[in-house]
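Worksheet for the structure shown next.
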Amino acid sequence: MVTIDRVQTGVRIERRILKTAKGLAEALDIPLGELLEGVLLHSFEGTTPFSKATIHKIESLKSVYDLDLTSADAHHLDEPTADDELEDFYAGRIRTPGFVHRDHLRMAFLALGRDPFSVAFARYSEGIRQLAVHAGRPEKFNLTITGAFLSLIAERLTAHPPKQPYADFEAFIDANPDLLDTALLERYYTPQRLASAQAKSVYLLPDRPR
């Protein structure tokens, strides 16, 4: 064994690549960091880090996470601006597979950063409804859940010192990690109220005392 000094670092990485890497690390029963170390060390020496069986597993994971990028795309990847992302969301151009709770929060953060709450509420709610429709699950849309998370984000943003705004969504969510818990609303609502037919079409007030 070789004694090393590991450090914590923060990098931005394409979402589908990360999901595929996490899936592979889990399949190999090793930490993601250890997987990346191995890939980099092999790459530094110009050797392949994976066996044929592992490559086959990677292909399966790429299919699961819709990863169609190849090595030819390296150094040619570009991120849309926050405004472009928001417009794509409002226009229904967001791909629903892989669009998870964290992505919902990010769109809410961007919406509140651009428009007053009343405008953001209407446009964001419609955007989420359209996502459900495009996914073929319109019955999944719940206006109360959508509005409650938007309200919580707005509350956290307005409580933050106005002269020290969050640099971006990552900084915001790092400071408010509880928002990532999809069960968070159970602090404010009973499960029966959230699951009711009325909650899907009307923004209901909380029924649990705070």
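Looking only at residues of region 7-28 that are part of a helix (DSSP H, G or I) and of a type in the set (A, V, I, L, M), we find that the one that is nearest to ARG102 (Cα to Cα) is LEU18. Among the candidates ALA132, ALA154, the residue that is part of a helix (DSSP H, G or I) and either in contact (Cβ under 8 Å) with a residue 24 or more places away in the chain or surrounded by fewer than 16 Cβ atoms within 10 Å (Cβ to Cβ) (or both) is uniquely ALA154. Take the conditions closer than 15 Å to LEU18 by Cβ and either free of Cβ contacts under 8 Å to residues at least 12 places away in the same chain or surrounded by fewer than 11 Cβ atoms within 10 Å (Cβ to Cβ) (or both) and apply them to VAL64. Does it pass? It is false that VAL64 is closer than 15 Å to LEU18 by Cβ and either free of Cβ contacts under 8 Å to residues at least 12 places away in the same chain or surrounded by fewer than 11 Cβ atoms within 10 Å (Cβ to Cβ) (or both).
Residue-wise test of (1) assigned to a helix (DSSP H, G or I); (2) within 16 Å of THR182 (Cβ to Cβ).
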position	(1), (2)
ASP103	yes, yes
ARG106	yes, yes
LEU112	yes, no
SER118	yes, no
GLY127	yes, no
GLY136	no, no
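Just one of the numbered conditions (1) in contact (Cβ under 8 Å) with a residue 60 or more places away in the chain; (2) out of contact with any Leu (no Cβ under 7 Å at 6 or more places or on another chain); (3) over 15 Å from ALA108 (Cα atoms) is not true of ALA195: (1).
The residues of region 58-78 that are closer than 19 Å to LEU35 by Cα, under 19 Å from the mean Cα position of the chain (by Cα) and not basic (Lys, Arg), listed by number, are LEU61, TYR65, LEU67. Restricting attention to region 171-186, the residues that are outside any loop (DSSP other than H, G, I, E, B) and closer than 24 Å to GLU139 by Cα total 5. Picking from residues in region 23-61 that are within 22 Å of ILE4 (Cβ to Cβ) and charged (D, E, K, R), the one that is surrounded by the fewest Cβ atoms within 10 Å (Cβ to Cβ) is ASP29. Exactly one residue out of ARG114, ARG93, ARG123, ARG106 is closer than 25 Å to ASP66 by Cα and surrounded by fewer than 18 Cβ atoms within 10 Å (Cβ to Cβ): that is ARG93. Collect the residues in region 158-170 that are among the hydrophobic types (A, V, I, L, M, F, W, C) and outside any helix (DSSP H, G or I), keeping them in residue-number order. If the condition is that a residue be among the hydrophobic types (A, V, I, L, M, F, W, C) and outside any helix (DSSP H, G or I), then ALA167 is the only one that fits.
Where a number appears in this text, it was derived from the coordinates with a stated rule and is not lab data. Because the structure is a prediction, the values reported are computed rather than measured. A quick note on method: Cβ atoms are made from the backbone with ideal geometry, for glycine too, and the neighbour counts reach across all protein chains shown.
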